[in-house]
Amino acid sequence: MLKKWFGKNEPTDAVENTTNLQVPKHIAMIMDGNGRWAKKRGLPRVAGHKEGMNTVKKVTKIASDLGVKVLTLYAFSTENWKRPKDEVNFLMQLPIDFFDTFVPDLMKNNVKVTTIGNIDELPEKTQQAVKKAKEKTKENTGMILNFALNYGSRDEITQTVQQIAKEVKAGELSWEQVDEACISNHLMTGFLNNLSDPELIIRTSGEERLSNFLLWQSVYSEFYFTSCLWPDFDESIFMEALENYQGRNRRFGGLKEEK
């Protein structure tokens, strides 16, 4: 299955042995540990981010070939602006380099690029790279590769409340119409419709928290935490997460017979 991405000499066993796996339609990932990966090797933090970009490419290929419908990656949070200026500048260059080299593969494999977050607050060159990738892939009908860029869930919810209040004030919406579905549709993930809520959230590096990521959408998500640092994340760990997911009893507040 990965042969169409990597070529015939790449290992594919991990993905080819998934016939009986129930693959989540929407997987979200908190990509953590780039800096620690670099520090362990005596490298600058930016080296970890660069290697992490290569991991994004690998994970995108694996998820697409598994049949995942949406892959949401937490690429840059609203809190990440607090990092050193040189590191932030490097992170703003990464989308430019990523899309410049990877869009041809995304096109070849029918992957569509989307984003959530305040894209208009990014540097102009970064904005242009993101918009160009979205425009180039907008007609693709395969997996949605959804980047959370300059994203924070509390900010998202705040913007949503403000927008709904404006619509109510303008008479475009009544208070009686403001329910869970209305709120979900107004969130940044609303364009994903029934795929907006991830069934599985994976976080690397051993941390076990959401860090302001998809707080509304994750209400019934399953979580998988691994001590693996993001640049070391590979198909074998991805498959471990999916196998772990198979054993979860997803009851959504009700009861379900154990198998």
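The requirement of being out of contact with any Phe, Trp or Tyr (no Cβ under 6 Å at 6 or more places or on another chain) and closer than 14 Å to Met31 by Cα is satisfied by Phe225. The residue pairs whose first member lies in the range 187-212 and is farther than 28 Å from Ser236 by Cβ, whose second member is open to solvent by 40 Å² or more (accessible area, probe 1.4 Å) and part of a loop (DSSP other than H, G, I, E, B), and whose beta carbons are closer than 7 Å, counting only pairs six or more residues apart or on different chains, are Leu187/Trp216; Asn212/Glu79. Taken over the range 223-243, the criterion of being among the charged types (D, E, K, R) and surrounded by fewer than 18 Cβ atoms within 10 Å (Cβ to Cβ) is satisfied by Asp232, Asp234, Glu240, Glu243. Between Leu200, Leu94, the distinction of being in contact with a strand residue (DSSP E or B) (Cβ under 9 Å, 6 or more places away or on another chain) and closer than 26 Å to Ala47 by Cα belongs to Leu94 only. For the range 75-97, the candidate set comprises residues that are within 15 Å of the chain's Cα centre (by Cα) and within 17 Å of Lys134 (Cα to Cα); within that set, the residue that is most open to solvent (accessible area, probe 1.4 Å) is Ala75. Would it be correct to say that Lys112 is of a type in the set (Lys, Arg), open to solvent by less than 70 Å² (accessible area, probe 1.4 Å) and free of Cβ contacts under 8 Å to residues at least 40 places away in the same chain? Yes: the conditions hold for Lys112.
Annotation note: Cβ proximity below 6 Å between a residue of the range 151-177 that is in contact (Cβ under 8 Å) with a residue 24 or more places away in the chain and closer than 19 Å to Ser211 by Cβ and a residue that is of a type in the set (Ser, Thr, Tyr) and assigned to a strand (DSSP E or B) (sequence gap 6+ or interchain) occurs for Gly152/Ser77. Restricted to the range 117-144, and to residues there that are touching a residue at least 40 places away in the same chain (Cβ under 8 Å) and under 19 Å from Lys57 (Cα atoms), the residue that is surrounded by the fewest Cβ atoms within 10 Å (Cβ to Cβ) is Gly142.
Tell me whether the range 207-221 contains one or more residues that are touching a Phe, Trp or Tyr at 6+ places or on another chain (Cβ under 9 Å) and among the small types (Gly, Ala, Ser). Taking every residue of the range 207-221 in turn, at least one turns out to be touching a Phe, Trp or Tyr at 6+ places or on another chain (Cβ under 9 Å) and among the small types (Gly, Ala, Ser).
Being open to solvent by 40 Å² or more (accessible area, probe 1.4 Å), at pLDDT 95 or above and touching a Ser or Thr at 6+ places or on another chain (Cβ under 9 Å) is the requirement here; does Arg45 meet it? Answer is no for this residue. Considering the range 142-253, the qualifying strands (runs of 3 or more DSSP E), each wholly inside and each with 3 or more residues that are touching a helix residue (DSSP H, G or I) at 6+ places or on another chain (Cβ under 7 Å) and modelled with pLDDT of 95 or more, run over 144-151.
The values are calculated or read from the model by the stated rules, or taken from the named source; none is laboratory data. Keep in mind that this is a model prediction, so the values were computed, not measured. Glycine gets a Cβ as well: all are built from the backbone with ideal geometry, and neighbour counts include every protein chain shown. SASA here: full protein model, heavy atoms, side chains in, ligands and nucleic acids out. Shrake-Rupley method; radii C 1.70, N 1.55, O 1.52, S 1.80 Å.
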